[in-house]
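J.: One structure, as structure tokens, below. Some questions next.
The values are calculated or read from the model by the stated rules, or taken from the named source; none is laboratory data. The shown structure was predicted, so the numbers you read here are calculated from the model rather than taken from an experiment. All Cβ positions, glycine included, derive from the backbone under ideal geometry; neighbour counts span all protein chains shown. Only protein heavy atoms, including side chains, enter the accessible area calculation; ligands, DNA and RNA are left aside. Shrake-Rupley method; radii C 1.70, N 1.55, O 1.52, S 1.80 Å.
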Amino acid sequence: MSNDSTAYVIYNDDVPHSKHYSWKQGHTKGFLFLDKSQGFWGIHSIPLFPPFPEEGYGYPPTGKQNAQMAICITFRYNQFAEIDKQLLCYNPNIYSCSIPDIFHPDLPNVQKLCVGSALPLIPWRHLSKLQSAQGENFLHFAKSRFFVDDIYVAWMAQQLQTDLLAESWQHDGQELPSNCSLQHHVYNINLIKTPWNSTFSSYYDHSKWCVSWRYEDQWTCIGDLNRAPQQAWRSGGFICTQNPYIYKALRHVIFHYHSCNNSRRWI
């Protein structure tokens, strides 16, 4: 898969063919592939995915049991120096990688993460402005394990200056409640309704995303952290866009959510 002109990194806290689950590293799942011209960054919620490159492509059966989310964005090469800073905050569990020498000056943190060498001082959080190869703007929020708080409420909603409707896995029954303690609020989505009129609750949804409550704000964020107390201690992040098509697609599947007094609000 690799040669001297391409680099790649694959990371997941739940690795294919492994019984070991990474608690100390980021609650992060994704992959990078790039050359000196451009590349792509995939961010997703699927455990045990993707397979090791030498095994070819395959989708794990476990990824079919609950709803999942993935976004893949193409970036020009000059954007990967900024992504390199975000992955330092993530401290991801990398299980397959290749970073040839020609990439080391621009990707020093990814190179160290790849080989498992000592890392520089990890910032507690870092916000990056990114631009896709086609000129679309993104904000990327990366928090380290030292930022011990709910990323949705304490950072994203306040930074984006909008109330958020948040969808994340509520399987263990220990999710954080909707929160109105700061200027901008975060409400837990409770039920999704697909365009085919089927519904499912957040109990069965392993994806992690949020959208602005107000239509005019048009924010959508996709990432890898649940609204759960134990994940305040985990590193991870979200990539956010004001793409109207992505926003409408997700905003329109929300069926109802919990207000801060725990009453259900229908959309």
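J.: Compute and list, largest first, the equivalent-ellipsoid semi-axes of segment 1-80 from the alpha carbon gyration tensor, each √(5λ) rounded to a whole angstrom.
T.: Details: eigenvalues 111, 40, 32 Å².
Working from the Cα gyration tensor, I get semi-axes of 24, 14, 13 Å.
J.: Rounded to the nearest 0.05, what FRET efficiency is calculated for A70 and H171 with R0 set to 22 Å and r the Cβ-Cβ distance?
T.: Details: r = 19 Å, r/R0 = 0.87.
With a Förster radius of 22 Å, E is 0.70.
J.: Also, quick follow-up: If you take the Cα Rg of the chain and divide it by 2.2 N^0.38 Å, with N the number of residues, what do you get?
T.: Working: Rg = 18.1 Å, N = 267, 2.2 N^0.38 = 18.4 Å.
In units of the globular-protein estimate, the chain measures up at 0.98.
J.: For the chain, what is the accessible area per residue in Å² when the probe is 1.4 Å?
T.: On the way: 12480 Å² over 267 residues.
On a per-residue basis, the chain sits at 47 Å².
J.: If you don't mind, there's one more thing I want to ask. Could you compute Rg(Cα) / (2.2 N^0.38 Å) for segment 112-210, with N its residue count? Write out the running numbers ahead of the final one.
T.: On the way: Rg = 16.7 Å, N = 99, 2.2 N^0.38 = 12.6 Å.
Cα Rg divided by the expected 2.2 N^0.38 Å: 1.33.
J.: Tell me which aspartates and glutamates have Cα within less than 13 Å of K193's Cα, excluding those fewer than 8 residues away on the same chain?
T.: Reachable aspartates and glutamates: E167, D205.
J.: When the gyration tensor of segment 125-180 is built from Cα positions, what are the square roots of 5 times its three eigenvalues, in whole Å, from largest to smallest? Show your work: numbers first, answer last.
T.: Numbers: eigenvalues 119, 39, 30 Å².
So the equivalent ellipsoid measures 24, 14, 12 Å along its semi-axes.
J.: If you project the alpha carbons of segment 182-247 onto the principal axes, what extent comes out on each, in Å, largest first?
T.: 37, 28, 21
J.: Place the peptides 50-62, 97-109, 184-196 in order of packing, highest mean first, counting for every residue the other Cβ atoms within 10 Å and averaging per peptide.
T.: Working: 50-62: 12.5, 97-109: 16.4, 184-196: 17.9.
My ranking of the peptides, most packed first, is 184-196, 97-109, 50-62.
J.: Still on this structure, I have one more. Whenever you get a sec, compute what percent of the accessible area on the chain sits on carbon and sulfur atoms (1.4 Å probe).
T.: Values: 6630 of 12480 Å².
Carbon and sulfur together cover 53 percent of it.
J.: Another question, then. Divide, for segment 25-177, the radius of gyration over alpha carbons by 2.2 N^0.38 Å, where N is the residue count.
T.: Details: Rg = 16.4 Å, N = 153, 2.2 N^0.38 = 14.9 Å.
Dividing the Cα Rg of segment 25-177 by 2.2 N^0.38 Å gives 1.10.
J.: With θ taken as phi - 60° and the coefficients 6.51, -1.76 and 1.60, list the Karplus ³J(HN,Hα) couplings across segment 196-203 in order, rounded to whole Hz; mark glycine and proline as x.
T.: Ordered by residue, 3J(HN,Hα) equals 9, 6, 8, 10, 8, 8, 5, 4 Hz.
J.: Moving on to the next point. Over all distinct Cα pairs, what is the inverse of the mean 1/r for segment 223-267, reported as the Kirkwood hydrodynamic radius in Å?
T.: Working: mean 1/r = 0.0765 Å⁻¹.
Kirkwood radius, segment 223-267: 13.1 Å.
J.: Between C260 and V115, how high is the FRET efficiency from 1/(1 + (r/R0)^6) when r is the Cβ-Cβ distance and R₀ = 35 Å? Nearest 0.05. Intermediate results must be reported in sequence, preceding the final value.
T.: Working: r = 46 Å, r/R0 = 1.32.
For R0 = 35 Å, the calculated efficiency reads 0.15.
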